[in-house]
Amino acid sequence: MARARRPLFCGNWKLNGSIAESLALASDVRNGVSTVRDADVSVAPSFTALYAVAKRLEDGPVGVAAQDCFWDEKGAFTGEVAPSQLVDVGCKQVIVGHSERRQLFGELDAAVNLKARAALGAGLVPIICIGETLAERDAGETLGRVQAQLDAALAEMSGDELARVVIAYEPVWAIGTGRNATPAQAQEVHHFIRTRVAIRAPEVAAKLRILYGGSVKPDNVRALMAEPDVDGGLVGGASLSAESFVRIVKEGSAA
Ligand code: PGA
């Protein structure tokens, strides 16, 4: 059955890797996915390796994403990086609102919205992360939490902007734990997200890519990708090995 949307697999390298290590990993990913035609692939190195990795991957099929950005273009914001600076080093995408940023660095929904809109304004594709904690899931609040984060993140976007967004559903309890959401759990939330966006923009919702993130591995990606509303993966730990990330891309795009 043909897919409704072209899959996207993004490797989130988090805080890992020297420039040399990042370049080696990037080259191995590029070589490993050279025969993949049915999916988009990107990697998200640390800020310090972005420029080198983007140069290495230039003109090839593997895109480069940043792991975060600020919402203003310039000024007295010590330590921040502007979306236009990410474009300047060769990024095409940026992850915003990752749960590690929300939980460890106090990032609020309003900031996620500002970052996503600033990214769009600079021509980047924001990969907006949303997802519930284990306590929220256990309390039956999963869909309410996801709805609140989704609505806040997409607030005040135009139809054109919405059409360029990627959503990543990442249940917090599945990130880095080795415990992935079951395909049925992922599908329930992905379908909910698509339905929610459809209220506002049905055509956009039909094309919206919704990635699943949280312990995606070569041996579980097929089942996740078999769900109709799962359009790819945001892969953390398993993207630090080119071998496993390439297998995820191949298995996932063949599912
Ligand atoms: P994980 O991380 O694959 O290591 O669970 C996913 C993410 O944080 O994006």
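The values are calculated or read from the model by the stated rules, or taken from the named source; none is laboratory data. No experiment lies behind these values; they were computed from the predicted model shown. As a convention, Cβ positions derive from the backbone with ideal geometry for all residues, glycine included, and neighbour counts pool all protein chains shown. Each accessible area value is taken on the protein alone, full model and side chains, heavy atoms only, with ligands, DNA and RNA left out. Shrake-Rupley method; radii C 1.70, N 1.55, O 1.52, S 1.80 Å.
Computed quantities for the displayed model
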quantity	calculated
Hz values of 3J(HN,Hα) by residue in region 74-88 - Karplus curve (6.51, -1.76, 1.60), Gly and Pro given as x	6, x, 7, 10, 3, x, 8, 10, 7, x, 5, 5, 5, 4, 4
Nearest-20 debye value, the chain charge dipole, Cβ charges on Lys, Arg, Asp, Glu	500 debye
Cross-link partners of K74 among aspartates and glutamates (Cα-Cα below 15 Å; sequence separation of 8 or more within a chain)	D88
Three semi-axes of the equivalent ellipsoid, region 30-97, Cα gyration tensor, whole Å, largest first	26, 11, 9
Theoretical ellipticity at 222 nm over the chain - DSSP helices of four or more residues, -39500 (n - 2.57) apiece, nearest 500	-13000 deg cm²/dmol
Distant-in-sequence amide H partners of V81 (H built 1.01 Å from N, under 5 Å)	F70
Greater than 25 Å apart at Cα, pairs in K115/K217; K115/K250; K207/K250; K92/K250	K115/K217; K115/K250
Residue-wise HN-Hα coupling along region 2-19, computed from phi with Karplus coefficients 6.51, -1.76, 1.60 (Hz; x: Gly, Pro)	5, 6, 6, 9, 6, x, 10, 10, 10, x, 9, 7, 6, 8, 8, x, 6, 4
K55-E243 pseudo-label distance in nm [points 7 Å out on the Cα-to-Cβ vector]	3.0 nm
Relative pair counts by distance (%), Cα atoms of region 9-154, 5 Å bins	2, 10, 18, 20, 18, 14, 10, 6, 2, 0
Of all accessible heavy-atom area on region 23-152, the percent that carbon and sulfur account for (1.4 Å)	52 percent
Computed label-point distance, nm, for sites I19 and R200 using a 7 Å Cα→Cβ extension	4.0 nm
Estimated inter-spin distance, V87 and R179, nm [label 7 Å along Cα→Cβ]	4.2 nm
Order by protection proxy (mean Cβ within 10 Å, highest first), peptides 21-28, 154-161, 72-79, 57-64	21-28, 57-64, 154-161, 72-79
nm² value of the averaged projected area, convex hull over the Cα atoms of region 160-255	6.0 nm²
Rg(Cα) / (2.2 N^0.38 Å) computed for the chain, rounded to two decimals	0.93
Relative contact order %, the chain, counting alpha carbon pairs below 8 Å whose residues are six or more apart	21 percent
Accessible surface, per residue, of region 118-255 when the full set of protein chains is kept, probe 1.4 Å, Å²	39 Å²
Solvent-accessible surface (1.4 angstrom probe) belonging to E141, in square angstrom, nearest 10	90 Å²
